[in-house]
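Reviewing the structure listed below.
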Amino acid sequence: MALSASDVQSVYNLLANSLSSDQSLRKPAESALSQCESRPGFCSCLLEIIAARDSACREDVRLLASVYFKNSITRYWRHRRDTPGISNDEKIHLRKKLLLHIREENSQIALQLAALVSKIARIDYPKEWPEIFSFLAQQLQSADLLASHRVFMVLFRTLKELSTKRLAADQKNFSEIALHFFDYAWNLWQRDVQTMLQSFSALSQCTTSSSFMDQQNELLLTCERWLLCSKIIRQLIISGYASDVTSAEEVRQVKEVCPVFLNAILSFLPYYSSFLEGQIKFGDFIKRACIKLMKILVAVQCKHPYSFGDKSVLPTIMDFCLNKITNPEPALASFEQFLIQCMVLVKSILECKEYKPSLTGRVVNESGDSLEQRKKNLSSAVGDTLATVLPNDRVVLLCNILIRRYFIYTTKDLDDWYQNPEFFHHEQDMIQWTEKLRPCAEALYIVLFENNRHVLAHVVISILHEAMRGSPPLEIEISPGMLLKDAAYSAAGHVYYELSNYLNFSQWFSGSLTIELSNDHPNMRIIHRKIALLLGQWVSEIKSDIRKMVYHAFIRLLQDNDIAVRLATCRSLCYLIQDSNFCEQDFFDLLPTCWSLCFKLVEDIQEFDSKVQVLNLISVLIEHVGERIIPFASQLVDFFHKIWEESTGESLLKIQLLAALRNFVCSLGHQSSICYNMLLPILQRGIDVDNPDALNLLEDSVLLWEATLAHATSIGPQLIDFFPYLVSIMERSFDHLKVS
């Protein structure tokens with residue numbers, strides 16, 4: 001039965017009750033709303049509640065109504081066999097009324113309304129709702145600042161939604177939108193930025209003017225509208241025009257927009273420090289605006305590299321970014337996110353394959369105006385431009401700055417390490433390179449070195465030797481020299497594959513690294529951790545003359561008092577064991593100590609990721625030592641049993657444990673029955689489809705079961721009792737059966 005206007009109050013009451021803390025009111029209301037969702041007219045009732053702005057209508061109820069409306073669109077807007085959905089007449093009514101109520105003062109409800117319109121537009125534009133963009137364009141003519149802000153919010157969400165459609169017809173529709181709408185959005189963007197800069201200038205001079213303070217809310221709304229307009233321009237350029245990589249045709253909007261974006265950044269940055277002190281809201285906006293504009297430049301460069309590589313665009317932007325990285329103003333040095341975006345853009349340009357010379361020859365009788373030839377000409381022109389902007393002396397300067405300034409641990413880094421070594425290790429190990437300044441600098445350095453290896457190899461070696469002279473192996477103070485040596489070791493580790501032609505690792509290890517490992521002062525944890533990482537990175541250069549020394553070095557590092565050092569050693573030891581030159585015989589004498597240290601490390605660590613990492617090392621070690629594992633089988637049985645008991649609720653840890661057990665069974669071979677008391681209860685839980693963890697553990701458990709059967713000397717009653725589980729597994733899925 002359809003709902004009508006007379007049911008609006010009933011729906012309102014249900015929404016209000018569903019927000020109640022009284023469970024006796026909330027539960028029945030939620031149940032009633034769930035039953036109403038599929039009834040015709042429900043969305044119309046919700047929209048009436050959203051549109052009601054009198055004092056009798058609670059804001060939280062209106063917000064909840066908008067959420068229910070959004071969810072109903074996802075479920076019922078399209079016609080499905082199992083539900084009648086929303087009728088065409090009701091859809092027409094909803095679309096018209098939605099556009100009439102875009103001007104919403106509550107920002108949360110306005111955001112939901114924008115999402116509502118975008119979801120409907122994804123389904124109905126252009127066939128059922130061709131007038132949406134013309135209507136929104138008319139609304140932008142209004143002098144009402146709030147109304148235009150809300151329209152831009154709707155436009156951004158709608159364009160973002162439509163840009164994700166991948167059918168050719170949908171992409172053509174989006175291109176037509178960009179063609180008709182770009183110029184208007186761009187002109188408004190430019191007008192707004194001039195208004196903002198004039199207001200910022202007045203604001204910086206008249207911070208106590210009461211007349212100007214009254215206009216701050218309006219200025220903030222203008223700023224937010226401008227930011228939305230920036231996002232819309234990005235969406236139009238990125239999704240509205242085919243990449244110039246496919247056509248080698250210039251995208252005019254890139255050359256028009258990018259230099260102006262850079263000028264806007266240059267105009268905003270002087271206000272960064274002053275606003276953070278006196279005008280926090282505007283200071284926060286300046287931060288967001290500069291970061292957003294830089295991200296847009298990065299996105300444009302990736303989508304339209306040839307247009308971005310034009311002489312009117314790339315040189316000035318590249319020069320600006322390089323200057324900010326190598327010589328930032330004092331106030332900008334603390335603006336890490338902006339510096340990160342500068343590094344991201346420089347890295348994107350340096351590694352862009354469209355800017356590199358083509359390795360293919362020219363086809364005989366090929367036209368000089370062919371697509372491939374135009375691409376080669378464009379690549380050559382951009383290459384010449386980059387050589388002018390980034391000559392060898394500037395490459396050397398950038399390399400030095402990255403290592404000597406950005407690779408260095410800060411006081412905060414060292415404090416974090418001291419407070420929680422385990423968390424520090426994982427933060428360094430797993431963080432995205434675009435999120436923190438040092439990892440971003442390291443990523444840029446790697447690309448810079450790859451592009452200029454012959455120039456930078458001797459520079460890095462020189463920095464390494466300088467750092468080693470400035471910080472003796474037996475130093476105990478955390479001095480600038482020690483931190484520089486840590487940075488130099490990082491630089492050498494990141495480009496080991498190229499630097500190995502210029503640096504003899506055996507001499508470096510024997511002459512310096514071993515001495516530093518013998519220094520047990522707590523402050524040496526910085527260098528010890530870096531040596532542990534270096535050994536994993538340079539594993540292919542560990543020759544037979546130092547192999548035993550390196551194995552002993554790993555054991556020494558596993559005995560370090562610092563958790564971060566020991567975890568770094570675990571990771572590198574995995575690389576060493578998996579290397580083709582690993583010698584099981586040379587390592588065998590160290591196995592008892594290695595097991596004991598691994599077991600102790602598991603007891604000392606708290607983080608889930610740490611346990612997975614150590615368990616992975618044990619699994620890899622078991623796999624490679626093979627039958628030599630038998631003397632230690634009893635210890636490992638006790639260890640695996642303990643880990644399984646402690647891994648309740650940790651499915652990923654159990655998966656890693658099952659993989660280790662599989663290697664353990666394979667290494668034991670026909671003697672695998674000695675671990676059945678521990679193994680079979682674990683296996684039984686893993687292959688039980690009724691086990692709550694079955695979804696995560698079943699596949700690895702079946703593989704463990706297969707290994708157990710393959711190495712069993714006989715199929716005893718214990719193993720035969722497992723076969724009924726196979727029937728349940730096959731009834732559930734055939735994914736676990738191998739296809740011959």
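Coordinate-derived values only; no laboratory data. What you see is a predicted model, and the numbers here were worked out from it, not measured in a lab. Don't worry about glycine lacking a Cβ; one is built from the backbone with ideal geometry, like all the others, and counts go over all protein chains shown.
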Full extension from His101 to Gln215: what is 0.36 nm times the residue separation minus their Cα-Cα distance, to one decimal in nm?
38.5 nm
Taking the range 147-241, the whole-percent share of alpha-carbon pairs separated by over 21 angstrom is 41
To make sure I understand, if each residue's beta carbon is the centre and we count other beta carbons within 10 Å, what order do Glu477, Glu603 fall in, fewest to most?
Glu603, Glu477
Which label marks the calculated value of semi-axes √(5λ) of the Cα gyration tensor in Å, given the options [x] 52, 41, 27; [y] 48, 33, 28; [z] 42, 29, 27?
[x]
Helix 525-537 versus the longest principal axis of the chain: what is the Cα-based angle in degrees, 0 to 90, to the nearest 10?
90
Explain nothing, just the number: relative contact order of the chain, from Cα pairs under 8 Å at least 6 residues apart, as a whole percent.
6
The helix 336-350 Cα axis meets the longest alpha-carbon principal axis of the chain at an angle in degrees, between 0 and 90 and rounded to 10, of 80
Computed, not fitted: 222 nm per-residue ellipticity of the chain from DSSP H runs ≥ 4 (each -39500 (n - 2.57)), nearest 500, equal to -22500 deg cm²/dmol
Exposure proxy order (Cβ contacts within 10 Å, fewest to most) of Asp690, Asp638, Asp244:
Asp690, Asp638, Asp244
From the phi angles alone, apply the Karplus equation (6.51, -1.76, 1.60; θ = phi - 60°) to the range 54-59 and give each ³J(HN,Hα) in whole Hz, x where the residue is Gly or Pro.
7, 5, 6, 9, 5, 5
Please report, in whole Å³, the volume per residue of the convex hull around the C-alpha atoms of the range 392-582.
113
Quick check on the range 287-343: take the gyration tensor over C-alpha atoms, sort the square-rooted eigenvalues as a ≥ b ≥ c, and tell me if it's rounded (a/c under 1.5), prolate or oblate.
oblate
Nearest-ten-degree value, helix 421-430 long axis tilted from longest Cα axis of the chain
60
Mind putting a number on the dipole of the chain about its Cα centre? Charges go on the C-beta only, +1 for Lys and Arg and -1 for Asp and Glu, and I need it in Debye to the nearest 20.
1960
Computed over the Cα atoms of the range 1-164, what is the ratio Rg over Rh, Rh following Kirkwood?
0.97
